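Quick notes on the structure that follows.
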Amino acid sequence: MYNPIYPAILVPIIWAFTDFLAKILINQYGSKRAVLLVQVSATLCTVLLVLFIQPPFPQLSSAFLISIIGSATLSALAWIFFFKGLEGRLSITEPIAYTWTVSKLGAALPAAISSISPAIVVLLSYFLLKERLNRMQI
């Protein structure tokens, strides 16, 4: 039987790994190129997924198109700012971003589940990127 809790639990874990991989891209190519690579890759994956699943689409009204363009623009801006923040230390930027989200959403189940993502990223940063936190940062 399908339980929506299981995919909800996987989301923050997957996000933690994608943010960790984004940090590696940023270290190698810079934040602007990394955002471009991630956005182009996500677009290609989305197109392939749509072709595979073939979901029904609403009529292409002007309101629908404006919503899509606005959402895509704001999403791209958010990624640019987030990746720019990741040019610093991942183990600092990630918890700040997610802690702010949890404080705004309250202690709802999705917020509580997503709060494990920063811990995963801090551990990945510590063990794989060899980043260390000093007492002030902890």
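Every read-out reported here was derived from the displayed coordinates using simple, explicitly stated rules and does not represent laboratory data. Since the structure is predicted, the reported quantities are computational estimates derived from the model, not experimental observations. Reconstructed Cβ throughout: ideal geometry from the backbone, glycine too, with neighbour counts over all protein chains shown.
Of the peptides 60-72, 5-17, the ranking by mean beta-carbon count within 10 Å, highest at the top, reads 5-17, 60-72.
You can think of it this way: the chain between residue 136 and residue 59 has 22.3 nm of extra reach, that is 0.36 nm per residue less the Cα-Cα gap. Put a dot 7 Å past the Cα of residue 8, heading toward its Cβ, do the same for residue 74, and the two dots end up 2.3 nm apart. Go ahead and run the numbers for FRET between residue 37 and residue 1, Cβ-Cβ distance against an R0 of 35 Å, rounding to 0.05. Efficiency, from the Cβ-Cβ distance: 0.35. Gain on full extension, evaluated as 0.36 nm per residue between residue 46 and residue 126 minus their Cα-Cα distance, stands at 25.6 nm.
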